[in-house]
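Data block below; observations after.
The values are calculated or read from the model by the stated rules, or taken from the named source; none is laboratory data. All values derive from a computational prediction rather than experimental measurement. Cβ coordinates were reconstructed from backbone atoms using ideal geometry, including for glycine residues, and neighbour counts include every protein chain displayed. Ligands, DNA and RNA are stripped out before the accessible areas are found, and what is left, the full protein with its side chains, is counted by its heavy atoms. Shrake-Rupley method; radii C 1.70, N 1.55, O 1.52, S 1.80 Å.
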Amino acid sequence: MRRLSALVCLLVTLIVASAEKAPRARLNDGNMIPILALGTFGSDEDRAKLRQTVNDAVEAGYRHIDTAALYKNEEQIGEGIRDVIQKGLVKREDLFITTKLWNDRHACEQVVPALNESLSKLGLDYVDLYLIHSPGSQRADGTYDYIDYLETWIGMQEAKKLGLAKSIGVSNFNSVQIKRIIDNCEIVPAVNQIEVHPALTQEKLIPFCHNWGINVMAYSPFGFLVSRDVTDAPPPRIDDPILENIARKYGKSTSQVVLRYLIDRGTIPVPKSTNKERLKKNIDVFDFQLTPDEINTINKFNKNRRVFDTSYWKDHPHYPFNID
Ligand SMILES: NC(=O)c1ccc[n+]([C@@H]2O[C@H](COP(=O)([O-])OP(=O)(O)OC[C@H]3O[C@@H](n4cnc5c(N)ncnc54)[C@H](OP(=O)(O)O)[C@@H]3O)[C@@H](O)[C@H]2O)c1
């Protein structure tokens, strides 16, 4: 009887373990990162659903969740994390949680307290990845501040040394800013999280990061496939005939082709959805692979066009988007 229950336990463990859908890649500090993450930035309505979304996502095989202090949803994500652990779907160590330091906490001595606030909201004692959300600091009232991100990075290194963040990285940094960190740091960033999609292919910044051993997380992966409330949205849209042609070949949708395109370029896409069916679809991208020709075809959509309006930042000395 005891043997039988041990066997059942083992089987259950195997089934649960095999439910992890995205393979993992090694970061430059040795830690392993699932190569697709759940995006969580959204409306108040999305936030209200987020506890359930985390449950649905983990059941669908997601293990990596991307949030930020800015999104004001770390509490809801924490509730979802507690649910899935209590249900026995996963253990804490199976999950990979990324959060980000907001721009108004860039002083070196503010980093660890800001991370502790995020941890307390998430109900965790460490995050797997902590990112500087953007190189440009600002005051709490939203006006520009001028704290050097090298100073912020010292605080990030401290967070890693204290074990509060297993890995540390940056977001929205350009190649010059990253090189400046590399030249002055003790710990090289493990990740740069940047906007990448068919209308913004980042063909210089991605290889630059990879050459320095830095993984790239691709945010807003659907670009203008989905509605962004802009009148002059560039192609491709969700029914683009070129993408549809590729999708037909693999029995997939155009949105899945775009996620696969990002994976095949060695990036980690961060698709956001609060819809159970779309969540499942977005992680069902590990049974096909695009050819180099198909990747080149999608690269041709590039217009260097960003989904988010960054004009507020353009006069900031650390504005990152004027160079690759
Ligand atoms: N580091 C940064 O500065 C930064 C900036 C922006 C975003 N991010 C991160 O990246 C994540 C993703 O970016 P994003 O939210 O801008 O955009 P996204 O993931 O490219 O697109 C999200 C939109 O696509 C819809 N959608 C999701 N799956 C779909 C599918 N299979 N077919 C059709 N529509 C689909 C979603 O609606 P439903 O929810 O209704 O499915 C939502 O409207 C964010 O949530 C955040 O975690 C980081």
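Can you list residue pairs whose Cβ atoms sit under 6 Å apart, with the first residue in region 211-226 being on the phi > 0 side of the Ramachandran plot and in contact (Cβ under 8 Å) with a residue 24 or more places away in the chain and the second being more than 9 Å from the ligand (Cβ to nearest atom) and among the polar types (S, T, N, Q)? Count only pairs 6 or more apart in sequence or on different chains.
213/28
Looking for whichever is free of Cβ contacts under 8 Å to residues at least 24 places away in the same chain and either of a type outside the set (Phe, Trp, Tyr) or open to solvent by 10 Å² or more (accessible area, probe 1.4 Å) (or both) here; the options are 143, 152. Which one fits?
143
Just give me the residues in region 291-309 being touching a residue at least 24 places away in the same chain (Cβ under 8 Å), of a type in the set (D, E, K, R) and either touching a Pro at 6+ places or on another chain (Cβ under 6 Å) or within 16 Å of the ligand (Cβ to nearest atom) (or both), in sequence order.
Within region 291-309, 303, 305, 306 meet the criteria.
Quick check on residue 199: is it at negative phi, touching a Phe, Trp or Tyr at 6+ places or on another chain (Cβ under 8 Å) and open to solvent by less than 30 Å² (accessible area, probe 1.4 Å)?
The answer is yes for residue 199.
Please work out if residue 111 is hydrophobic (A, V, I, L, M, F, W, C), modelled with pLDDT under 95 and either closer than 30 Å to residue 212 by Cα or open to solvent by less than 50 Å² (accessible area, probe 1.4 Å) (or both).
no
Could you tell me how many of the residues in region 136-158 are in contact with a Phe, Trp or Tyr (Cβ under 6 Å, 6 or more places away or on another chain) and over 15 Å from residue 70 (Cβ atoms)?
0
Among (1) modelled with pLDDT of 95 or more; (2) open to solvent by 90 Å² or more (accessible area, probe 1.4 Å); (3) not basic (Lys, Arg), where does residue 7 come up short?
Residue 7 satisfies all of (1) modelled with pLDDT of 95 or more; (2) open to solvent by 90 Å² or more (accessible area, probe 1.4 Å); (3) not basic (Lys, Arg) except (1).
Could you list all residues from region 192-232 that are acidic (Asp, Glu) and within 13 Å of the ligand (Cβ to nearest atom)? Write out each step before concluding.
Here is the first cut: in region 192-232, the residues acidic (Asp, Glu) are 195, 203, 229, 232.
Once the filter is applied, which keeps residues that are acidic (Asp, Glu) and within 13 Å of the ligand (Cβ to nearest atom), region 192-232 yields 195, 229.
Of all residues in region 180-192, which are touching a residue at least 12 places away in the same chain (Cβ under 8 Å) and either in contact with a Pro (Cβ under 9 Å, 6 or more places away or on another chain) or open to solvent by 30 Å² or more (accessible area, probe 1.4 Å) (or both)?
Of the residues in region 180-192, the ones touching a residue at least 12 places away in the same chain (Cβ under 8 Å) are 180-182, 184-192.
Selection gives 180, 181, 182, 184, 185, 186, 187, 188.
Restrict the check to region 58-67 and report whether at least one residue is over 23 Å from residue 267 (Cβ atoms) and either hydrophobic (A, V, I, L, M, F, W, C) or buried (at least 21 other Cβ atoms within 10 Å of the Cβ) (or both).
Within region 58-67, the first condition is being over 23 Å from residue 267 (Cβ atoms), and the residues that meet it are 59.
Now restrict to residues that are either hydrophobic (A, V, I, L, M, F, W, C) or buried (at least 21 other Cβ atoms within 10 Å of the Cβ) (or both): none.
The answer is no; no qualifying residue exists.
Where the second residue is in a strand (DSSP E or B) and of a type in the set (Gly, Ala, Ser) and the first is touching a residue at least 12 places away in the same chain (Cβ under 8 Å) and open to solvent by 30 Å² or more (accessible area, probe 1.4 Å) and lies in region 159-172, which pairs have Cβ atoms under 8 Å and are six or more apart or on separate chains?
160/167
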